[in-house]
Structure formats: C-alpha cells, structure tokens
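The values are calculated or read from the model by the stated rules, or taken from the named source; none is laboratory data. Note that this is a predicted model, so its numbers are computed, not measured. Cβ: placed from backbone, ideal geometry, glycine included. Neighbour counts: every protein chain shown. Just so you know, the surface numbers come from the protein's heavy atoms only, side chains and all, with ligands and any DNA or RNA stripped out. Shrake-Rupley method; radii C 1.70, N 1.55, O 1.52, S 1.80 Å.
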Amino acid sequence: MIQQLIKFFRKPIVNFIVQAGVVLVVTRFLCYTGWLVYFLNQPHPPLWDFKSYYVASKLAHQHLSPFNVEIFNQSFCTITKVCGFIPPFVYPPNIIPLIWFLGDFSLNNAFKISIVMHILAIGLALWGANILLESKSRAFKTICTISVALIYGLVRDFQVGNIAIFIAVLILWMFIWARKNQDIPAGICLGLALCKPTLAALFILYFILKKRFSLVFVSVVTVTLLALLGLALTGNSLTQFLSDTTQGFSLWLKDPSVNPYISISRLDLMVVGPRLFPNNPFFAKLLSNIIVLILVSCVGWYLYLQQSLTAWSKKIYLAEIVLVSCLSISINYSQETSSVMLIPAAVFLLNDLLYQIRHCKFSRKRMSVWLAGVCCVAMQTAVIHGWLIHSLAKHWKVKAGELPYFMKVTIFALPSYAVLGITVSILVLAISSLRQKQIIKFESFNRVSI
C-alpha cells in the first residue's frame, strides 16, 4: 500500500498539487506575518477581546470590580474610547491574577506584550503536538505541524486577542505531564486553565474518574487561591461577585455573538436546535439537549470500556483526552477561538493512521471513518470560517438575525456539524482500536505460548 502511495504521489499532476498546497500554506504564514507587523504599528489595538482583559486589569489596579456591569461599561468607554453596548465581563475571579500584569502598561504596550505571548503560545502548541505524535519521521512531524497550524482557532484567537489558545496549551501540557505521572505541574496547568471553565471544567471530572486525586487536589487548590486573590484585588465579596455576575450574565446572553438563534460564530451543539427550529424554542432546546445527552453517554460508555479492559488503570490515554476536549467545546458555549481545543484531535487522527499502517490490515470502513474525521477537522480551518462563512455573512445583517433559514441550517452550521462529526468519528476509531488491540494482544500471546 505504501509503495502504491509513493507511485501515486510521483505522478506529475499529483506532485504539482502537493507542491501548490505547500506553497499556499507557506504563503498563508507569510501573509499573517505581514498582518502581525501591521497590527503592531497601529496606534490603537484592534483586538476586541484583548480590550476586555485590559480594562478588567485596569479596574483591578484601582480596586474596582470589572464584574459590575455599570463600572465595566463606563471604564471600557473611557479607556478604549469605544462606547455603546459593551458585553459584560463574565469570567470568574481567578482570571484577575493572570491578567493583572496588563494594567501595569499602557494600552499599546500591553497589546504588544499580548501579541508576543500569543506567538509563544502557538509555538508551545505546535511543540506539544509534535511530542504527542507517535512518529519520529520528519515528514509526519511536518504534516502534524501544518495540520495543527491550519486550525482556525489558532489564528482567530490571535486576531481577537482571546485566551483560548492559552487554555488549549495548558490542557495540552497538562496531558503531557499527567502521562508522565507528574501530577503537580499537571494539576497547576489544569488549575490555571480553569480561568475559562467552559473549556477546562470537564477535565476535573475526568481525572476524578481516573482516580488521579492528587492532580485534582493540586488543581482545586490552585484555582481556589487564584479566585480568592482575584476577589481581594477587585474589592469583592463572594456574594457581591455572584450578584454582579448574575446581572452581567443575563445581559451577556443578549449579545448577538452569543445568541444561539442568530450567532454565526458559535460552534457548540447547543445552537443546532435553535437553527433548525427558530420559531419553536421548546423543540429547539429539546433537540440540542438530546444530541448532547447521546454524545455524553457514548463517550462515557467508551471510558467505561477502556477502564474495564485496563483494570481501571490510572494511565492517561490520548483518545480519552481528545474526547473530553471535544465535549468541552460541543456541550458548552464555545466560539471559533475555542476550536484550538481540537489540536489533540488532529494528532490523534495522525497517530491512528500510523497504527493502522503498522499493525492492521486495510479496512475500507475504518478508513472511511478516519477520512470523515479528517474532513470534519478541515471544516475548522479558515477555508470554511473565514473565506466561506464570514464572506457570505457580509451580504446579510447578521446581528439583526436576517440570515436565510436554508443558510442557517447548512453552510453557517457547518462548524457545529463538524464538531459533532469529529467527536463521533474519533469515538468510533477509539472503540474499534480497543478491539484491535485485544486481538493483537491475544495473537501475540498465542505465539508466545506455542
């Protein structure tokens, strides 16, 4: 099969297409390098999410609460000169110590520091992905690097200044350290990642299931200390914080980018129902909840199978981390920046291909599932998000909810369908791999016995 593939790629037309693809990838990186230089020379930072973190840090330096809607809105207008309806700051208090340093600098200098930190985070993400790749081949490492770099969240996070890339890096390195039984650094990484709980909270439940209690304890201590420090820095009590957050959360839900009925940036499964049944909230919510319930049940069944076959081992497997990462962005609120959580999924698909080449006979059914997973990951690139969805959205008033119904349930829903497809395909591959490993182990045992 490998020889046939080599002959295939040596054909002139195929060779040309591959070279053209490589050129496009390199050109894309050069374009973003130029875009970065342009951004660094702007008098006012254009990154919207970064401005929220900066204003929150400035308020914390004044011992004021960024969780209070009125205070945050007024300060945002004063500091950034952007006024009007500003989405409230709905992060937990444990994020304040992590963004505290931003307030020590001017807006422009803090912006440049944030850009440099994002570049370092992208480098750590690519490095971590190559560590998880089960191949020493330079070609495969190059493929892995390109696959990860093309995930749209990596670039989108960079464009808006969100912190999703940092959460993804912390989760990635948490897995690397947890796999080496280094629970303290892994627990600290998880505790830091909980500053965005929608992306990291499920891992607490996962490690409890794996009986890695020391890791969970370290993470809980870390997040508790950060939360208490955050409340102290903002002059908040727990009751006042909860009151401000409740008010802010109700206003946050009204933001067009959050509303599941009109948002084009959300990729979680909770928007599937509202898009299919925009005029029936009951059926919309019911459908989304049923999809999520079935998906969680299937992942739970796989975890049970894995644990029962390994005698409830504390060992951490990549497939498990991938599935928990997929659930983190599929069952909770998540936007385009959150697709960086699919980095382990891209690595898993490459590792699975290597495993099939080395140990198993060719199976059309299994390869079809693998190709489906690859296609779903490809839907989380700029080709779909940037060039297709955002370009088409310019023809309608998206924030007013004027998108045609057909477009809502097809093209604009592709990222959500892709997240579901990735989760299902990886789940099928992981379950079938359990059976294959059992067969290979049984055959090798028989050979030794004979």
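The residues of region 277-306 that are buried (at least 18 other Cβ atoms within 10 Å of the Cβ) and closer than 27 Å to ALA186 by Cβ, listed by number, are LEU295, VAL299, TYR302, LEU303, GLN306. The numbered conditions (1) within 30 Å of LEU388 (Cα to Cα); (2) touching a Lys or Arg at 6+ places or on another chain (Cβ under 6 Å); (3) in a loop (DSSP other than H, G, I, E, B) are all true for LYS211 except (1).
Select from region 101-110 the residues that are open to solvent by 60 Å² or more (accessible area, probe 1.4 Å) and part of a helix (DSSP H, G or I) and write down the one among them that is farthest from ILE79 (Cα to Cα). The qualifying residue farthest from ILE79 (Cα to Cα) is PHE101.
Residues that are open to solvent by 20 Å² or more (accessible area, probe 1.4 Å), farther than 17 Å from LEU429 by Cα and not polar (S, T, N, Q) within region 313-352 comprise LYS314, LYS315, ILE331, TYR333, listed in sequence order. Exactly one residue out of ILE184, ILE96, ILE131, ILE176 is in a helix (DSSP H, G or I), within 29 Å of TRP252 (Cβ to Cβ) and either open to solvent by less than 10 Å² (accessible area, probe 1.4 Å) or free of Cβ contacts under 8 Å to residues at least 60 places away in the same chain (or both): that is ILE96.
A single member of ILE113, ILE122 is under 26 Å from ALA345 (Cβ atoms), of a type in the set (Val, Ile, Thr), open to solvent by 10 Å² or more (accessible area, probe 1.4 Å) and assigned to a helix (DSSP H, G or I), and it is ILE122.
What residue, of PHE158, PHE72, PHE67, PHE140, is touching a Pro at 6+ places or on another chain (Cβ under 6 Å) and either buried (at least 18 other Cβ atoms within 10 Å of the Cβ) or in a helix (DSSP H, G or I) (or both)?
Exactly one residue qualifies, and that residue is PHE72.
In region 191-210, the residues that are under 14 Å from THR222 (Cα atoms) reach residues that are among the aromatic types (Phe, Trp, Tyr) and buried (at least 24 other Cβ atoms within 10 Å of the Cβ) with C-beta atoms within less than 9 angstrom, at least six apart or across chains, in these pairs: ALA193/PHE203; LEU194/PHE203.
Residues in region 284-333 that are among the hydroxyl-bearing types (Ser, Thr, Tyr), closer than 20 Å to LEU349 by Cβ and in contact (Cβ under 8 Å) with a residue 40 or more places away in the chain: TYR302, SER325, SER328, SER330.
Considering only region 377-396, I want to know if a residue exists there that is among the charged types (D, E, K, R) and in contact with a Ser or Thr (Cβ under 7 Å, 6 or more places away or on another chain). No: region 377-396 contains no residue that is among the charged types (D, E, K, R) and in contact with a Ser or Thr (Cβ under 7 Å, 6 or more places away or on another chain). Restricting to region 233-260, name every residue that is farther than 30 Å from ALA400 by Cβ, hydrophobic (A, V, I, L, M, F, W, C) and open to solvent by 60 Å² or more (accessible area, probe 1.4 Å). Across region 233-260, the qualifying residues are LEU238, LEU242. Would you say SER334 is of a type outside the set (Asp, Glu), within 22 Å of LEU253 (Cβ to Cβ) and in contact with an Asp or Glu (Cβ under 7 Å, 6 or more places away or on another chain)? Taking the combined requirement at face value, the residue satisfies it.
Restricted to region 353-371, and to residues that are open to solvent by less than 40 Å² (accessible area, probe 1.4 Å) and within 17 Å of LYS136 (Cβ to Cβ), which residue is nearest to the chain's Cα centre (by Cα)? So, considering only residues that are open to solvent by less than 40 Å² (accessible area, probe 1.4 Å) and within 17 Å of LYS136 (Cβ to Cβ), the one nearest to the chain's Cα centre (by Cα) is LEU353.
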